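Here the structure comes first, spelled out in structure tokens, and everything after it is commentary.
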Amino acid sequence: MSASEQEILEGLAEIINEETGLDPAEVAAEKSFTDDLDIDSLSMMTIVVNAEERFGVRIPDDEVKNLTTVGDAVKFIQSQQG
Amino acid sequence: MTNRRVVVTGLGATTPLGGTITDTWDALLAGRSGIAPMEHDWVERYELPVTFAGELAVPAADVLTKVEVRRMDPSAQYAVIAAREAWADAGEPEVDPERLGVAIGTGIGGVWTLLSQWDVLKEKGLRRVFPLAVPMLMPNSASGNVSLALGARAGAHTTVSACASGAESMGTGYEMIRSGKADVVVAGGTEAAIHPICFAGFAQMQALSTRNDSPETASRPYDTTRDGFVMAEGCGLIVMESEEHARARGARIYAELASIGMSSDAHHITAPEPEGAGASRAMREAVEGAGLAASDICHINAHATSTPVGDVAESNAIRRAFGAAADGMCVSATKSMTGHLLGAAGALEGLFTILSVHHRIAPAAINVTDFDPEIALDVIRGENRTLPSGDIAALNNSFGFGGHNVALVIKSI
């Protein structure tokens, strides 16, 4: 069963909070992972792997560099869901 | 070398006796044991012959944030806890970051991370391996994380010399200040090796006490019935400064770190040289380096792990180093209460020696009911011992597998 955009955003916010301690309320669609949320490449790897497990999708390494904002990630995850 | 005097202005620890150095010291003077049965399921699963240890009195997760716990190996977590306490205790000194150093040793390093991530690779595959696995498992993880926490840029070092690591790191910090490389250094040792593989390895070596029916009395240095050491974990760190720097900011000074002596046995990878030739050289070098005579040393915090061979070898080494002057040195065997913190032991006992000199009181060993007649030392038992007034000096001994011998001299100020 696929998740809605809102559910994916909330799930990502939880994953990011667990990895970095960032307040989930800070995690909005327009925020940039690096510039706004200060997430480094090592943390990004962990967030990606946890998101894959949670949403049952695969996010290839080549794709990760295209995910600039949280919204990009939400859209990509949604597009990959059956 | 500028040969500046080095003084101690801050202390921090997390140990089986307490979550702070204050709680640890109070428990030590009260003669309490930090040793208890372990409640991990792996004790039974792997049929470990030893079922007790000295685990932290206050778990790291009770003190740190969830993210800190996730992103640091326990060995680094303990160091960050102790560093915050020591830094606050020193009054958060104002110092140029490029004049602030770190030196934190460990015996075993990030064994929990190494082996749990190996399990992840085998069971869940490459993609689930934590990207921070390497920076967590590396032995310099603690010094790196503490340098980040304090913004220390003069250099962050890690000495690895088994159970002498913590004391040797204090020596590294001492040299940084003496040589003029730094004005302030946070130094000591950390260990988080309460892991089944460590019990299995030490047990196969017959190094551990197996007194499972009486954990609190298992660590009994210098007792005729001692049967091995008791594994423990934790961290002890000090803030040391050049005397000039400490005086200029009006800091409270606990004592002077007056000298370090070091040697290596080249005798056997684990067994101490029975006559104590190497250990006695380290002790003499430390005392001479401090510009003192043997008769100036009134107290020794001994390595005293409670192994049948090691305790006698240390007694022989002290006699060999100081002869009849050893009669005037009262000896504390604090592992009887803390257990053996491996790479953190020398540092924690360094803190105890500093506090003994500062407060003029040396803790009594517990569990020594049948004193070994082969031990030719004035081992403090029963009541804590009051140390003399006036100028005093004390010695802290640490020895490690590999034949490492380290002796520190602490002077009153």
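Tabulated data
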quantity: Chain-alone versus full-assembly comparison, region B:119-150, residues with accessible loss of at least 30 Å² (1.4 Å probe); calculated: B:Arg127, B:Arg128, B:Pro131
quantity: C-alpha center-to-center spacing [region B:1-60, region B:143-167] in angstrom; calculated: 19 Å
quantity: Value of relative contact order over region A:5-80, rounded to a whole percent, pairs C-alpha under 8 Å and six or more apart; calculated: 40 percent
quantity: Per-q log10 I(q)/I(0), region A:17-82, q = 0.27 Å⁻¹ (Debye; single scatterer per alpha-carbon; no solvent); calculated: -1.47
quantity: Computed [θ] at 222 nm, helices only, for chain B once each DSSP H run of length n ≥ 4 contributes -39500 (n - 2.57); calculated: -10000 deg cm²/dmol
quantity: Two-decimal Rg to Rh for the protein assembly as shown - Kirkwood Rh, Cα set; calculated: 1.04
quantity: Using a Förster distance of 30 Å, the FRET efficiency for B:Asp227-B:Arg70 (Cβ separation, nearest 0.05); calculated: 0.20
quantity: By accessible area with a 1.4 Å probe, ligands and nucleic acids excluded, highest first: order of B:Asp378, B:Asp96; calculated: B:Asp96, B:Asp378
quantity: Bins of 5 Å, starting at 0 and running to the largest distance - Cα pair percent for region B:271-413; calculated: 2, 11, 22, 26, 23, 13, 3, 0
quantity: Full-extension gain in nm, B:Ile253 to B:Thr22, via 0.36 nm per residue minus C-alpha separation; calculated: 81.6 nm
quantity: B:Asp62-B:Ala325 FRET efficiency (beta carbon distance; Förster radius 56 Å; 0.05 resolution); calculated: 0.75
quantity: Cα Rg, Dmax (largest Cα-Cα span) when computed across region B:139-220, Å; calculated: 17.1, 52
quantity: Within the accessible area of the protein assembly as shown (1.4 Å probe), percent carbon and sulfur; calculated: 50 percent
quantity: Stokes-Einstein D in µm²/s, Kirkwood radius over Cα pairs - region B:20-163 at 37 °C with 0.692 mPa s viscosity; calculated: 190 µm²/s
quantity: For region B:289-300, Karplus couplings with θ = phi - 60° (6.51, -1.76, 1.60), whole Hz, Gly/Pro x; calculated: x, 7, x, 10, 9, 3, 5, 7, 8, 9, 8, 10
quantity: Computed magnitude of the charge dipole of chain B (debye, nearest 20; Cβ of K, R +1, Cβ of D, E -1); calculated: 880 debye
quantity: Per residue Cα convex hull volume in Å³ - calculated over region B:6-248; calculated: 137 Å³
quantity: Low-density loop cleavage sites - GluC sites (Glu not before Pro) in region A:2-82, where at most 12 other Cβ are within 10 Å (DSSP); calculated: A:Glu30
quantity: Average Cα contact separation per residue, chain B, under 8 Å, 6 or more apart, as relative contact order %; calculated: 23 percent
quantity: The protein assembly as shown, dipole about Cα centre (Lys/Arg Cβ +1, Asp/Glu Cβ -1), debye to the nearest 20; calculated: 1160 debye
quantity: Kirkwood-Stokes translational diffusion coefficient of chain B, alpha-carbon pairs, 20 °C, 1.002 mPa s, µm²/s; calculated: 103 µm²/s
quantity: Charge dipole magnitude, Cβ of K and R +1, D and E -1 - region B:6-248, Cα centre, debye nearest 20; calculated: 720 debye
quantity: A:Glu53-B:Arg45 FRET efficiency (beta carbon distance; Förster radius 22 Å; 0.05 resolution); calculated: 0.25
quantity: DSSP beta bridges in the protein assembly as shown [antiparallel fraction, %, rounded to 5]; calculated: 65 percent
quantity: Percentage relative contact order, region B:19-173, counting C-alpha pairs under 8 Å, at least six apart; calculated: 25 percent
quantity: Fully extended contour minus Cα-Cα distance, from B:Asp391 to B:Lys181, at 0.36 nm per residue; calculated: 72.7 nm
quantity: Farthest toward positive dipole pole in the protein assembly as shown [+1 Lys/Arg, -1 Asp/Glu at C-beta], among B:Gly151, B:Gly310, B:Val230; calculated: B:Gly310
quantity: Shielded residues, region B:59-74 - accessible-area loss of 30 Å² or more between chain alone and all protein chains, probe 1.4 Å; calculated: B:Lys66, B:Val67, B:Arg70, B:Arg71
quantity: Accessible surface, chain B, averaged per residue in Å² (probe 1.4 Å); calculated: 37 Å²
quantity: Accessible area buried at the A-B interface, both sides summed, 1.4 Å probe (Å², nearest 100); calculated: 1200 Å²
quantity: For region B:325-368 versus region B:77-97, the gap between their alpha-carbon centres in whole angstrom; calculated: 23 Å
quantity: Where a label projected 7 Å from the Cα of B:Leu115 along Cα→Cβ would reach, residues of region B:64-85 with amide N under 15 Å; calculated: B:74-75
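The values are calculated or read from the model by the stated rules, or taken from the named source; none is laboratory data. Everything quoted here is computed from the prediction, not taken from an experiment. In this analysis, Cβ positions are derived from the backbone assuming ideal geometry, glycine residues included, and neighbour counts consider all displayed protein chains. Side chains are part of the model used for accessible areas, which takes the heavy atoms of the whole protein and leaves out ligands, DNA and RNA. Shrake-Rupley method; radii C 1.70, N 1.55, O 1.52, S 1.80 Å.
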